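Reading through the structure tokens given below for one structure.
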Amino acid sequence: MKKLVAFAAILVLLNSSAHAQLLEEKTKFTRGDTLRGTLTPLRTCYDINYYHLDVKFDIDNKFISGSNLFKFTATQDFNKLQFDLFDNLKVEKVVYKGQEVPFKREFNAVFVAFPSTITKGSHDEFTVYYSGNPTIAKNAPWDGGVMYVQDTIGKPWVATACEGVGASIWWPNKDHLSDEVDSMLISISVPKGLKDVSNGRLRKVTELNDGYTRFDWFVANPINNYDVAANIGDYTEFTDTYNGEKGKLDLDFWVLPADLEKAKKQFDANVKPMLKSFEYWFGPYPFYEDSYKLVETPHLGMEHQSAVAYGNKFKNGYLGYDLSRTGWGLKWDYIIVHESGHEWFGNNITAKDLADMWIHEGFTCYSESLFVESQFGKKAAQEYVHGLRQDIGNKSPIVGVYGVNKEGAGDMYSKGSVLLNMVRTIINDDDKWHSILRGLNKTFYHQTVTYDDIIGYINKQSGMNLSPVFDQYLHYKDLATLQITWQNGKPYCKWTADAKGFDMPVKVRIKGGEYKFITPTTTLKPLDLPGATKDNLEADTFNYYIKLSGIQKGS
């Protein structure tokens, strides 16, 4: 009984949280949601170029204080703009050209009024000073904020995680996915004896006079706000290098001293094979200038750019569990592979709106199967993807609501992966598919993108109109149904689907024979397949995630 209860508890945990950093379902949206998720002229009037975030962590009091410098380019004439900071944190002052300027707050938005017009094309800056007790994350990374715990010997261990809810939960910024800062200096001051590990490369360590130590980390590449991280603890470091497509890539690993030997073994077994696989499938690691880091954290993991958070307890699988239930998922460390996959999809390519978070999670979940393919072959990869279907709910659409910072269904992970495997099957040319995946990362290198950007690129490069396929599986909760009707012993077929013009090519066969492509539409038409009967006609349901009516499932 204990084993059954424990297993049931694991399944509840996995189904509720393995697939992620999702906000609680909402049916109504507030003014605060609109301020957070909509690009108004008060946000589009400036393009953020550079931040210097300088924050002191008073761990005993769970209190932070500091400042953030905004450097920007004006995209139009304006004298007022919006930045974002959760309203439980105090804005001490906003300084522009050495003078304090007035500001007003509404929900988590802050509106700054400047003394004169800032003209289009000009480069300017202001600094926000702030303080307070940031939201404590009780179940990071699935709820956002700052996580305060102690390590096994009683020393403080602190981490930030804020995907979905937004980075403004702990630092002031222009909190919208569409505008990534071009570069950034992150200065984190921590009590003496502890270390901070943030994104990018460590530039300087300064012992301060107040019993604190400041760690200055510089990020040379564009970075989205939720990727910016502070990881504070009694860390020790070990290093390595990887000879990748762009030359030598520095590998830095930061872990607790008690876990050093376990970390060396686990990271050595997983990191370089992962990098080799993903550079093959997606192109060069996107942030050579900033290095690749794994940072042990008290939470499970997050795709913090160039400082991937790792809390998988040095086990293969997802905390020792295979999400696919096929056995393939226990042969590698899920968090290293999945969270590092986000360096390409999520960090290199970033959705402009949280509603399109499937671009991050669908492609990255699919990357797991490509890693399996690199290690164990295509059949193993397809088995892995097929196994992920068990976690799909099909209860709501994958694409969320635009303009209110609202993700879609958690199906964006497993169903997104299954969809991409299905698209690969439809294209039926692995070299072309490989080229599309690399091409996405090259074409949209360090860019924010829309739904149409991604689907349009795949359509163009494949030479096929796959828009109805993506439309059905991303905008609607239900699967397409392949319907076979028998009239006078002859088969007629059509698709039943929500998406307009749904005409997905699908593979069928007479049992024991070879699969062939047919292209049904939503209009019932004769199926030309000599010898087909009700008892021997099969559809490929191993690579196609569809419902069937009047036709058998193929193996």
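The values are calculated or read from the model by the stated rules, or taken from the named source; none is laboratory data. Since the structure is predicted, the reported quantities are computational estimates derived from the model, not experimental observations. Every residue, glycine as well, gets a Cβ built from its backbone with ideal geometry; the counts of neighbours run over all protein chains shown. All accessible areas refer to the heavy atoms of the entire protein, side chains included, with ligands and DNA or RNA removed. Shrake-Rupley method; radii C 1.70, N 1.55, O 1.52, S 1.80 Å.
In the stretch 390-404, what residues are buried (at least 16 other Cβ atoms within 10 Å of the Cβ), out of contact with any His (no Cβ under 9 Å at 6 or more places or on another chain) and not in a loop (DSSP other than H, G, I, E, B)?
Selection gives 401 alone.
Of these, 457, 445, 473, 451, which one is of a type outside the set (A, V, I, L, M), under 30 Å from residue 225 (Cα atoms) and open to solvent by less than 10 Å² (accessible area, probe 1.4 Å)?
Result: 473 is the single residue among 457, 445, 473, 451 that is of a type outside the set (A, V, I, L, M), under 30 Å from residue 225 (Cα atoms) and open to solvent by less than 10 Å² (accessible area, probe 1.4 Å).
Could you list all residues from the stretch 519-541 that are of a type in the set (Asp, Glu) and open to solvent by less than 90 Å² (accessible area, probe 1.4 Å)? Write out each step before concluding.
Taking the stretch 519-541 as the starting set, the residues that turn out to be of a type in the set (Asp, Glu) are 528, 535, 538, 540.
Once the filter is applied, which keeps residues that are of a type in the set (Asp, Glu) and open to solvent by less than 90 Å² (accessible area, probe 1.4 Å), the stretch 519-541 yields 538, 540.
Pick out, from the stretch 196-260, the strands (runs of 3 or more DSSP E) lying fully within it that include 3 or more residues that are closer than 28 Å to residue 284 by Cα and at pLDDT 95 or above.
Passing ranges, in order: 201-207, 212-219, 236-244, 247-255.
If I ask for residues that are under 20 Å from residue 375 (Cβ atoms) and either open to solvent by 30 Å² or more (accessible area, probe 1.4 Å) or in contact with a Ser or Thr (Cβ under 9 Å, 6 or more places away or on another chain) (or both), which ones from the stretch 250-269 would you list?
251, 265, 268, 269
Spot the failing condition for residue 272; the list is (1) under 22 Å from the mean Cα position of the chain (by Cα); (2) open to solvent by less than 30 Å² (accessible area, probe 1.4 Å), and only one is missed.
All conditions pass for residue 272, except number (2).
Among the residues of the stretch 173-188, count how many are in contact with a Phe, Trp or Tyr (Cβ under 6 Å, 6 or more places away or on another chain) and crowded, with 24+ Cβ neighbours inside 10 Å.
So the answer is 3.
Residue-wise test of (1) out of contact with any Ser or Thr (no Cβ under 9 Å at 6 or more places or on another chain); (2) surrounded by 24 or more Cβ atoms within 10 Å (Cβ to Cβ).
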{"residue": "313", "(1), (2)": "yes, no"}
{"residue": "318", "(1), (2)": "yes, no"}
{"residue": "334", "(1), (2)": "yes, yes"}
{"residue": "349", "(1), (2)": "no, yes"}
{"residue": "354", "(1), (2)": "yes, yes"}
{"residue": "376", "(1), (2)": "yes, no"}
{"residue": "382", "(1), (2)": "no, no"}
{"residue": "387", "(1), (2)": "no, no"}
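How do the strands (runs of 3 or more DSSP E) wholly within the stretch 452-532 filter down when requiring 3 or more residues that are without any contact (Cβ under 8 Å) to a residue 60 or more places away in the chain: which remain?
Once the strands (runs of 3 or more DSSP E) in the stretch 452-532 are filtered for at least 3 residues that are without any contact (Cβ under 8 Å) to a residue 60 or more places away in the chain, what remains is 490-496, 506-510.
Restrict the check to the stretch 233-244 and report whether at least one residue is under 19 Å from the mean Cα position of the chain (by Cα), open to solvent by less than 20 Å² (accessible area, probe 1.4 Å), of a type in the set (Ser, Thr, Tyr) and under 25 Å from residue 58 (Cα atoms).
no
When residue 438 is evaluated against the numbered criteria (1) open to solvent by less than 20 Å² (accessible area, probe 1.4 Å); (2) closer than 19 Å to residue 337 by Cα, which criterion, by number, is the only one it fails?
(1)
Considering only residues of the stretch 61-90 that are in a loop (DSSP other than H, G, I, E, B) and touching a residue at least 60 places away in the same chain (Cβ under 8 Å), which is most open to solvent (accessible area, probe 1.4 Å)?
Our first condition is that a residue be in a loop (DSSP other than H, G, I, E, B); within the stretch 61-90, this holds for 61-62, 75-77, 85-89.
The next check asks that each one be touching a residue at least 60 places away in the same chain (Cβ under 8 Å); those that pass are 61-62, 85-86, 89.
Working: 61: 98, 62: 77, 85: 0, 86: 33, 89: 2 Å².
Taking the candidates together, the pick is 61.
Sort out for me the strands (runs of 3 or more DSSP E) sitting completely within the stretch 100-184 that have 3 or more residues that are touching a residue at least 40 places away in the same chain (Cβ under 8 Å) and of a type in the set (A, V, I, L, M).
Answer list for the stretch 100-184: 109-118, 145-150, 156-161.
Select, from 144, 166, the only residue that is modelled with pLDDT of 95 or more and crowded, with 21+ Cβ neighbours inside 10 Å.
The unique qualifying residue is 166.
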